[in-house]
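Take a look at the structure below.
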Amino acid sequence: MNQDSQDKANVTGRKKQLMLGIDLGTSKIAVCSERGSKAMFRSVVGYPRDIIGSHLLKGDKAIGEEVLEKRSFLDAYYPLEEGVIKEESEGVIAALKDLLQHAVSLAKPEKGDEICAVIGAPAGATYSNKEPILKAAREFMKVALVVSEPFMVAYGMNKLNRAIIVDIGAGTTDICALTGTIPSAEDQSTILKGGDYIDKVLNALLLETYPEIQLTPQLARKIKEKYAFVGEIKESKMVKFRENGKPKDYDAANEIKAACETLILPIVEQIENLLLQFDPDDQEEALKNIYLAGNGSRIRGLDTAIIEALSEYGEVKVSLIDDPDYAGCTGALKLATDIPLEHWSQVGDQL
Ligand SMILES: Nc1ncnc2c1ncn2[C@@H]1O[C@H](COP(=O)(O)OP(=O)(O)O)[C@@H](O)[C@H]1O
Ligand SMILES: [Mg+2]
């Protein structure tokens with residue numbers, strides 16, 4: 001089909017394109033469509049372990065929260081868990097495809113829609129990371145583009161010059177310097193530590209202080225999500241743990257603070273590195289435009305701690321973005337609808 005007849009087809013609705021923004025987060029996948037649908041689910045897919053599992057599930061796979069509920073008879077896959085797709089096996093690509101297909105179905109496409117999606121992946125994602133995502137998308141999308149997650153956030157907020165985005169997710173922290181051009185590999189970095197790492201450290205520290213308690217990283221995560229903070233301890237953080245099955249109150253303030261503070265240094269080091277990507281004249285302005293995205297950024301006092309750690313650089317301003325759940329996918333959708341399809345390949349890696 002030439003461009004003319006393609007345009008005509010779009011207008012007459014015989015072949016409609018549906019633009020989507022998808023945020024492939026390490027813990028959650030968010031999707032939004034140009035027709036207004038919006039949805040989010042856990043980045044996990046589960047397959048029945050055996051014939052009994054298939055019978056109980058009444059299907060061949062489950063996605064998101066359902067996998068956690070039915071984990072006793074499902075094998076769960078988290079292909080994006082650590083921000084790096086470790087192997088490019090058929091199984092991993094199939095799991096990625098199931099997750100992407102589920103995201104597309106939640107965007108409620110109409111029959112005959114051609115799916116065109118901008119997909120956000122961790123920033124430092126090397127080509128080897130993008131390739132399996134594109135392979136998975138290729139099987140059912142018309143066009144797919146993989147861009148870095150913090151770049152999508154930046155695009156959505158229109159912070160494309162003299163700004164730094166720090167996106168703290170579960171598996172990774174992705175940092176991107178916005179210098180007025182499409183970010184190159186040098187403008188971005190991924191730290192393979194995020195909220196999950198804090199959970200592990202908190203779990204270990206609490207067990208060290210209170211060896212008698214029963215604890216798992218999942219419980220540590222719940223405690224963190226309620227109390228996360230860095231900086232001065234102003235009050236105790238009382239938590240109920242079980243000791244030999246009996247509940248008892250413990251103060252977890254020291255351990256929560258110490259666990260959350262482990263992310264400060266790696267983040268500050270990467271901000272310092274990426275600052276050098278800016279023209280010296282622009283560095284002062286960039287330091288006043290640091291934005292924290294991702295749910296991991298909701299640690300109380302993190303903004304102030306980063307400002308303090310960068311005090312030698314002069315005035316520094318760190319702000320929290322508004323909607324850490326959907327900022328990435330709304331930015332991706334904005335990119336998908338702003339930029340004509342024929343120019344997508346200039347923005348990231350395409351099918
Ligand atoms: N209030 C909170 N304080 C600190 N961390 C939080 C809070 N709420 C959620 N988190 C953490 O944020 C991480 C998930 O970040 P998110 O941006 O949603 O994920 P993704 O990795 O999918 O991009 C998890 O480690 C979660 O425990
Ligand atoms: Mg994210």
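Considering the range 309-350 alone, what residues qualify as being open to solvent by less than 20 Å² (accessible area, probe 1.4 Å) and either more than 18 Å from V146 (Cβ to Cβ) or touching a helix residue (DSSP H, G or I) at 6+ places or on another chain (Cβ under 6 Å) (or both)? Of everything in the range 309-350, those that are open to solvent by less than 20 Å² (accessible area, probe 1.4 Å) and either more than 18 Å from V146 (Cβ to Cβ) or touching a helix residue (DSSP H, G or I) at 6+ places or on another chain (Cβ under 6 Å) (or both) turn out to be L310, V316, V318, I321, A327, G328, G331, A332, L335. What pairs come out if I take residues in the range 239-256 that are assigned by TED's automatic domain parsing to the domain that holds E208 and pair them with residues that are modelled with pLDDT of 95 or more and open to solvent by 100 Å² or more (accessible area, probe 1.4 Å) whose C-beta lies under 8 Å away, six or more apart or interchain? As it stands, the answer is A253/E235, since those pairs meet every condition given.
For the range 13-104, the strands (runs of 3 or more DSSP E) that sit wholly inside it and include 1 or more residues that are under 23 Å from G169 (Cβ atoms) and within 16 Å of ligand 2 (Cβ to nearest atom) are 17-24, 28-33, 38-42. Within the range 80-98, being buried (at least 21 other Cβ atoms within 10 Å of the Cβ), closer than 26 Å to D50 by Cα and touching a Gly at 6+ places or on another chain (Cβ under 9 Å) holds for one residue alone: L80. In the set A117, A62, only one residue is modelled with pLDDT of 90 or more and within 21 Å of Q188 (Cβ to Cβ); that residue is A117. Among residues that are outside the structural domain of K224 (by TED's automatic domain parsing), open to solvent by less than 20 Å² (accessible area, probe 1.4 Å) and either closer than 17 Å to A30 by Cβ or assigned to a helix (DSSP H, G or I) (or both), I119 is included.
Selection of the range 1-36 for residues being at pLDDT 90 or above and open to solvent by 70 Å² or more (accessible area, probe 1.4 Å) yields E34, R35. Checked against the criterion of being within 14 Å of ligand 2 (Cβ to nearest atom), touching a residue at least 24 places away in the same chain (Cβ under 8 Å), within 30 Å of V239 (Cβ to Cβ) and touching a helix residue (DSSP H, G or I) at 6+ places or on another chain (Cβ under 7 Å), the range 196-211 has no qualifying residue.
Taking the range 276-304 as the range and being surrounded by fewer than 18 Cβ atoms within 10 Å (Cβ to Cβ) and aliphatic (A, V, I, L, M) as the test, only L276 passes.
Scan the range 159-171 for residues that are more than 13 Å from ligand 2 (Cβ to nearest atom) and either assigned to a strand (DSSP E or B) or under 28 Å from K16 (Cβ atoms) (or both) and jot them down. N161, R162, A163, I164 - these are the residues of the range 159-171 that are more than 13 Å from ligand 2 (Cβ to nearest atom) and either assigned to a strand (DSSP E or B) or under 28 Å from K16 (Cβ atoms) (or both).
Quick one: count up the residues across the range 155-166 that are within 15 Å of ligand 1 (Cβ to nearest atom) and farther than 17 Å from C32 by Cβ. Total meeting the criteria: 2. Could you list, in sequence order, all residues of the range 37-48 that are surrounded by 24 or more Cβ atoms within 10 Å (Cβ to Cβ) and away from ligand 1 (no atom under 15 Å from the Cβ)? G46 - this is the single residue of the range 37-48 that is surrounded by 24 or more Cβ atoms within 10 Å (Cβ to Cβ) and away from ligand 1 (no atom under 15 Å from the Cβ).
Evaluation of I115 against the conditions (1) within 21 Å of A95 (Cα to Cα); (2) within 16 Å of ligand 1 (Cβ to nearest atom); (3) of a type in the set (A, V, I, L, M, F, W, C) shows that the sole unmet condition is (2).
The values are calculated or read from the model by the stated rules, or taken from the named source; none is laboratory data. Just so we're clear, the structure is a prediction, and the values are computed from it rather than from any experiment. So basically every Cβ, Gly included, is an ideal-geometry build from the backbone, and we count neighbours across all protein chains shown. Note: accessible area is taken over every heavy atom of the protein model, side chains too, but ligands, DNA and RNA are not part of it. Shrake-Rupley method; radii C 1.70, N 1.55, O 1.52, S 1.80 Å.
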